[in-house]
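Take a look at the structure set out below.
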Amino acid sequence: MTSPRTAGPRTDGARPKLAVWKFASCDGCQLTLLNCEDELLTVASQIEIAYFPEATRATVAGPYDLSLVEGSITTPGDAERILQVRQASRRLVTIGACATAGGIQALRNFADAEQFRSAVYAHPEYIATLAESTAIAAHVPVDFELHGCPIDKGQLLAVLTAFLHNRKPPIPGYSVCVECKRRGTVCVMVAHGTPCLGPVTHAGCGALCPAYGRGCYGCFGPQDTPSTAALAGRLAFLGMPGRDVQRVFATFNAAAPTFRAQHERQREEAG
């Protein structure tokens, strides 16, 4: 996670311009902004929504004070367009697992994308794609990363407010386990032996799955200091087959460095 650039707020009295951009993604994180409902009018009164195709065809030319970017880089065209977005943006925040960790489409990173293309398309020569799906930060400087699949509405509003007031967003880096403790949820792994990625997963969902007796699936990606090897050992102790331990680190955040490294370690151990 990177810190916001040091730059003061606008002094010309105009509302800051907000742009929302889509790359390879399902649009779920953009919809989180639209689903703010009660807060959306307040947001619109403080920020000029200058570019947001998901919400309106009307656009205002840049440069933009803040850009929210959803989606990963998967094609040569994406790689070129993100450079243009960065150039037009005073600050750039990536939102969601696709933009921060390659997304579910980063599963291609563990195989031969050329084989996939040949198997799926009748004329693969017309399909332009990159060998890997990568996070936005692998291509341009990013001022802040907001995790989640999809992101949390409250955290998104906190990020928008922070950038409006030129301060660091108050997004914690601790794990889902802290959220379980705060809501009084009994640990599903300790009490019931349920496999759970909560100890290594970034907080933000409010510990939704453990609250219903299910283990965490890692939707919010790795927390700031994840001990993936220790958790992998615990999952194996609970009876999870090595193949399944390998898989749990290659889902929504497959290209997150710590999750990817653990996935590859499990694959090597499996032979």
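The values are calculated or read from the model by the stated rules, or taken from the named source; none is laboratory data. Note that the structure is a prediction, hence the values are computed from the model and not measured. Positions of Cβ are generated from backbone atoms using ideal geometry, with glycine treated the same way; all protein chains shown enter the neighbour counts.
Take GLU264 and tell me if it is of a type in the set (Asp, Glu), surrounded by 19 or more Cβ atoms within 10 Å (Cβ to Cβ) and either at pLDDT 95 or above or not assigned by TED's automatic domain parsing to the domain that holds HIS147 (or both). Don't jump to the end; show me each part of the working.
On the way: of a type in the set (Asp, Glu): yes; surrounded by 19 or more Cβ atoms within 10 Å (Cβ to Cβ): no; either at pLDDT 95 or above or not assigned by TED's automatic domain parsing to the domain that holds HIS147 (or both): yes.
No.
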> Are there any pairs, at least 6 apart or on different chains, whose C-beta atoms fall under 7 Å, with the first in the range 131-155 and assigned by TED's automatic domain parsing to the domain that holds GLY103 and the second among the aromatic types (Phe, Trp, Tyr), and if so, which?
Replying inline: HIS147/PHE220; GLY148/PHE220; CYS149/PHE252
> Just a yes or no: is a residue in the range 76-86 surrounded by 22 or more Cβ atoms within 10 Å (Cβ to Cβ) and of a type in the set (Gly, Ala, Ser)?
Replying inline: no
> Among the numbered criteria (1) in contact with a Phe, Trp or Tyr (Cβ under 7 Å, 6 or more places away or on another chain); (2) touching a residue at least 24 places away in the same chain (Cβ under 8 Å); (3) among the aliphatic types (A, V, I, L, M), which single criterion is violated by ILE127?
Replying inline: (2)
>> For the range 166-198: of the residues being free of Cβ contacts under 8 Å to residues at least 40 places away in the same chain, touching a Pro at 6+ places or on another chain (Cβ under 8 Å) and more than 23 Å from PHE144 (Cβ to Cβ), which is surrounded by the most Cβ atoms within 10 Å (Cβ to Cβ)?
In response: CYS196
> Only one of these conditions is not met by VAL142: (1) among the aliphatic types (A, V, I, L, M); (2) over 20 Å from ALA250 (Cα atoms); (3) modelled with pLDDT under 95. Which number is it?
Replying inline: (3)
>> Go through the range 128-165 and report how many residues are surrounded by 13 or more Cβ atoms within 10 Å (Cβ to Cβ) and in a loop (DSSP other than H, G, I, E, B).
In response: 15
> Within the bounds of the range 241-264, is there any residue that is assigned to a helix (DSSP H, G or I), more than 23 Å from PHE110 (Cβ to Cβ) and in contact (Cβ under 8 Å) with a residue 12 or more places away in the chain?
Replying inline: no
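Any idea how many residues of the range 218-248 are within 27 Å of GLY96 (Cα to Cα), surrounded by fewer than 19 Cβ atoms within 10 Å (Cβ to Cβ) and of a type outside the set (Val, Ile, Thr)?
Residues of the range 218-248 within 27 Å of GLY96 (Cα to Cα): 218-232, 235, 243-248.
With surrounded by fewer than 19 Cβ atoms within 10 Å (Cβ to Cβ) added as a condition, the list becomes 224-225, 227, 229-230, 243-244, 247.
Add one more test, that the residue is of a type outside the set (Val, Ile, Thr), and what stays is 224, 227, 229-230, 243-244, 247.
Summing the residues that are within 27 Å of GLY96 (Cα to Cα), surrounded by fewer than 19 Cβ atoms within 10 Å (Cβ to Cβ) and of a type outside the set (Val, Ile, Thr) in the range 218-248 gives 7.
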